[in-house]
Amino acid sequence: MARRLSGLLAFGAVLVTGVLPAAAAPPGFVAAAPEYPATVAIDSIAPKVAENGGTVVVTGVVTNSGPDPLKDVTVSIRQQSAAGSTVRTRSGLDQLARRGDPGSADGTAITAGRAGLGTLAAGQSLPYIVRASVADLKVGKGGVYELAVDVAGGTPDDDAAHTLGIARSYLPYRNEAVPHPTELAVVWPITHAPELVAQTMQDNDPTPVLRDDSLATELAPGGRLHQLVQTGGQLPGLTWVIDPDLLDTVFAMTRPYRVQKPNTAGEPAKEGNTVPGVGTDAATEWLKQLRTAVAGAGSQVVSLPYADPDLASIAHNGAGLNGMADTLRKARTAGEVTAEGRLAADVQSDVAWPYQGYLDQQIAATAAAAGENLLLANSASISDAALNHTPSAARPIGNGQTAVVADSTISDLFQPDLASPQARTAAVQRFLAETMVINRQLPETARTLLVLPPRNLTAGSAGALAEAVTQAQQAGWARLVNLRTVAAAPADPEANTAVAGPGDYPQQLRAGELSAATLGRVMDLQGELDQLLVILTQPQRVRGPFSAAMIRSMATAWRDQPPAGESYRTGVRDYLASLVGAVKLTPKSTVILAGDNGMVQVSIKNDLNQAVGNLQVQLTSSQPNRVRVGIKQNVVLEGTTSLTLRFPAQAQNNGPVPVTAQLMTTGPNPQPYGKPVVFTVKVTSVTSGVLYVIGGGVVLMLLAAVRFTQQRRKGAPAPEDDGGEAQEGAPADGGAAQETGAAAEEHAPGDEKVGH
């Protein structure tokens, strides 16, 4: 029944169901029901690990969630139902978390240290402080015990004191030395959704541009990333897992930078559509603190592939795309070089971290192809449910790869934002209970454990994780080491090494992957980019920003921000299209060719800020038997300028003929560049010109015939007479020739044209 939820234990823990944590009541308190109208929250437990002779103090808040007042309310800690009744197994810990209404199994209230709250009106909340000695708690031997806070009082229906609500937590009790502390590696993620875009401000030293300035807030004091570095810096032995793209972005922010205005993602960056960034000081200080933190004793730096591409999405939907394998290898290399350079530290780069640690055979194969031989996995995808103990984290999975398997129950404690005292206390106590029970399963055997929090670990959750690890170390059953140590530890021979097939991958996670179409569009950008780079005189100003932006388009961070991811990808595509389209032929409509030959003008415009070359213009007539156009002409064009080329044309007939102008790249594999321009060459006077020529020829022929006839009538003249007659006839012939030539001159098209 629904009311039975009133007794559920709220520890902030999550029972792993194979996919994602289910929504639960806020940890640290129990929802009310008619029989139990008091909602009890636990804010703090001190000490978190009890010791012999000590006293346990619990603080929190009681709220009357019912419709009636509660009378003579008291709050107490309950002692164990049986002396020394520890929770010995991890399944027992989970059963305690699922326990329902208060009952005898929760023990009995301890009178000493009880707190009286008086009357609570409906909806009223009051704080409480209760305490109990370890002796009164009846804990006895070392182990994990239930810690229950009981609220009692009267109601209008029953004036007698009776239980009105309960909250439960865990209390580890230590009274002996630990022979083999569990070696515990904690992944400390330093990641952020991509911010740098492909655009830069076009100046002598290109100014970087960010899609927004949210990172400035996270880097500043009190921000998430600021808190992660501060908290992690106090834990020597951490494994810092860092996205190198974030390091590049922060480094870019240490200098003047610009931020896009809303709804301008695909536009070239200009003063009018960007604003100055405000995070320069915060970025400079944060990068300095991070360098110091990662240099802590025993710490390790793992560089993710540049921009942290979504390995699971690529494995399932894009592994076969042309160029994808090479892109992943380059991302890994770029990540390593960037992290080493920005942090001045040695890094390990052969580590793959699929989304939420879920692993299958396709993901493992894709990681192997990228050179990633160490995989961070979630135990929900490599289950050891058949074992009666928790095995060590590292295990070989074949193909030269090692999976370091994180305990999902422990890791999932830090999935939500543990911002409230109740949530933080619940997670810390469950962590301590789980790790203590794990250590006590095989106390004489050294074992390892991996904690894999979410990539977007919040400041509150990071603080809870750091506190939990510190307490476990101080209690003696855990020792913080780095990932390298855990990965190199001997594998448990009983541990599962079988990687699930793709069919076992959770459907809920698969539904959120980047689709094959999305990944295909990203990879198609490479072809367009390559074509643009061919014509640029300074290709380095475009190659680097766009290559990085393509990888950022596939970032794992977009899983949790689908609209932002799609906006980023659209912005990259639109901006590249605008750059490619900035070098273009000017549209034309009709060119008038008033004769059988002339010149056709074609104009090219370069709106880029740099010169272009390796281009030529080619004209193609759709009817070369009627109009023939000239040969190809090469193009070299300075930035933000235009050029007009003149092509000779010859016509055979009057009328319109479609002609296509196309930019082509030059080189061993010429390709069309940009869209063609189709226009019409309209020939208007070929026939008239030809008739003049023919007419002139006829006149010459008639004159020759007349002369020949005259000579025949006179008989055979002396040579000098013939020559004289020839001289006489010369002006006539010459005049006819000049007239014919003049007629041709009058109608020759020369350079006449319309359009350009």
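Side notes on the structure shown:
- Residue within the stretch 283-291 that is surrounded by 15 or more Cβ atoms within 10 Å (Cβ to Cβ), modelled with pLDDT of 95 or more, in contact with a Phe, Trp or Tyr (Cβ under 8 Å, 6 or more places away or on another chain) and over 17 Å from Val351 (Cβ atoms) present: yes
- Scanning the stretch 386-410 for residues that are free of Cβ contacts under 8 Å to residues at least 60 places away in the same chain and within 14 Å of Ile438 (Cα to Cα) returns Asn388, His389, Asp407, Ile410.
- Test: residue in the stretch 142-165 that is closer than 24 Å to Gly54 by Cα and out of contact with any strand residue (DSSP E or B) (no Cβ under 7 Å at 6 or more places or on another chain): no
- Number of residues in the stretch 102-125 that are surrounded by fewer than 17 Cβ atoms within 10 Å (Cβ to Cβ) and under 51 Å from the mean Cα position of the chain (by Cα): the value is 7.
- Test set (1) in contact with a strand residue (DSSP E or B) (Cβ under 8 Å, 6 or more places away or on another chain); (2) buried (at least 21 other Cβ atoms within 10 Å of the Cβ) - Thr537 fails condition number: (2)
- The numbered conditions (1) part of a loop (DSSP other than H, G, I, E, B); (2) surrounded by fewer than 23 Cβ atoms within 10 Å (Cβ to Cβ); (3) modelled with pLDDT of 95 or more are all true for Ala386 except (3).
- Pairing each residue of the stretch 466-483 that is among the charged types (D, E, K, R) with any residue that is buried (at least 19 other Cβ atoms within 10 Å of the Cβ), provided the two are 6+ apart or on different chains, yields C-beta distances under 6 Å for Glu467/Val428; Arg479/Pro181; Arg479/Glu183.
- Condition check for Asp412: within 25 Å of the chain's Cα centre (by Cα), of a type in the set (D, E, K, R) and buried (at least 20 other Cβ atoms within 10 Å of the Cβ): yes
- When the stretch 399-422 is filtered for residues that are of a type in the set (Ser, Thr, Tyr) and assigned to a helix (DSSP H, G or I), the ones remaining, listed by number, are Ser408, Thr409, Ser411.
- Selection within the stretch 540-573 - surrounded by fewer than 16 Cβ atoms within 10 Å (Cβ to Cβ) and not in a helix (DSSP H, G or I): Gln561
- A Cβ distance below 6 Å, combined with a sequence gap of six or more or placement on separate chains, defines the contacts here; from the stretch 590-619, residues that are within 13 Å of Gly630 (Cβ to Cβ) reach no residue that is surrounded by fewer than 16 Cβ atoms within 10 Å (Cβ to Cβ) and of a type in the set (Gly, Ala, Ser).
- Scanning the stretch 61-74 for residues that are surrounded by fewer than 23 Cβ atoms within 10 Å (Cβ to Cβ) and not in a loop (DSSP other than H, G, I, E, B) gives Val61, Thr63, Lys71, Asp72, Thr74.
- Candidates Leu619, Leu608 - the one that is surrounded by 15 or more Cβ atoms within 10 Å (Cβ to Cβ) and either more than 21 Å from Ser589 (Cβ to Cβ) or among the hydroxyl-bearing types (Ser, Thr, Tyr) (or both): Leu608
- Applying the set (1) more than 44 Å from the chain's Cα centre (by Cα); (2) closer than 28 Å to Thr86 by Cβ; (3) surrounded by fewer than 24 Cβ atoms within 10 Å (Cβ to Cβ) to Asp157 leaves exactly one unmet item: (2).
- From Val499, Val469, residue being crowded, with 22+ Cβ neighbours inside 10 Å and within 25 Å of His192 (Cβ to Cβ): Val469
- Some residue of the stretch 645-664 being closer than 19 Å to Val534 by Cα, charged (D, E, K, R) and either part of a loop (DSSP other than H, G, I, E, B) or in contact (Cβ under 8 Å) with a residue 40 or more places away in the chain (or both): no
- Count - residues of the stretch 196-242 that are over 19 Å from Ala549 (Cβ atoms) and in a helix (DSSP H, G or I): 13
- Odd one out for Ile45, checked against (1) touching a Ser or Thr at 6+ places or on another chain (Cβ under 7 Å); (2) surrounded by fewer than 20 Cβ atoms within 10 Å (Cβ to Cβ); (3) part of a strand (DSSP E or B): (2)
- Residues that are modelled with pLDDT under 95 and acidic (Asp, Glu) within the stretch 395-438 are absent altogether.
- Qualifying position, being modelled with pLDDT of 95 or more, surrounded by fewer than 21 Cβ atoms within 10 Å (Cβ to Cβ), outside the structural domain of Arg430 (by TED's automatic domain parsing) and part of a strand (DSSP E or B), among Ile77, Ile166, Ile129: Ile129
- Residues of the stretch 16-58 that turn out to be at pLDDT below 95, within 39 Å of the chain's Cα centre (by Cα) and under 27 Å from Leu164 (Cβ atoms), as a count: 9
- Filter pass, Ala726 being aliphatic (A, V, I, L, M), modelled with pLDDT under 50 and part of a helix (DSSP H, G or I): yes
- Selection within the stretch 440-467 - polar (S, T, N, Q), closer than 28 Å to Leu228 by Cα and part of a helix (DSSP H, G or I): Ser461
- Gln601 being assigned to a strand (DSSP E or B) and in contact with a strand residue (DSSP E or B) (Cβ under 8 Å, 6 or more places away or on another chain): yes
- Those residues of the stretch 334-373 which are surrounded by fewer than 20 Cβ atoms within 10 Å (Cβ to Cβ) and of a type in the set (A, V, I, L, M, F, W, C), in sequence order: Val337, Ala344, Ala345, Ala365, Ala368, Ala369
Table: residues versus (1) in contact with a His (Cβ under 9 Å, 6 or more places away or on another chain); (2) modelled with pLDDT of 95 or more; (3) acidic (Asp, Glu).
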{"residue": "Glu267", "(1), (2), (3)": "no, no, yes"}
{"residue": "Val294", "(1), (2), (3)": "no, yes, no"}
{"residue": "Ile314", "(1), (2), (3)": "no, yes, no"}
{"residue": "Gly320", "(1), (2), (3)": "no, no, no"}
{"residue": "Ala331", "(1), (2), (3)": "no, yes, no"}
{"residue": "Arg342", "(1), (2), (3)": "no, yes, no"}
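- Among the residues of the stretch 210-236, the ones that are touching a helix residue (DSSP H, G or I) at 6+ places or on another chain (Cβ under 9 Å) and either under 30 Å from Ala487 (Cα atoms) or crowded, with 21+ Cβ neighbours inside 10 Å (or both) come to 17 in all.
- On inspection, Asp524 passes the criterion of being of a type outside the set (A, V, I, L, M) and surrounded by fewer than 19 Cβ atoms within 10 Å (Cβ to Cβ).
- Residue match in the stretch 139-148 (condition: outside the structural domain of Met436 (by TED's automatic domain parsing), out of contact with any Asp or Glu (no Cβ under 6 Å at 6 or more places or on another chain), surrounded by fewer than 17 Cβ atoms within 10 Å (Cβ to Cβ) and not in a loop (DSSP other than H, G, I, E, B)): no
The values are calculated or read from the model by the stated rules, or taken from the named source; none is laboratory data. None of these values were measured; they are calculated from a predicted model. Neighbour counts run over all protein chains shown; Cβ positions are idealised from the backbone, glycine included.
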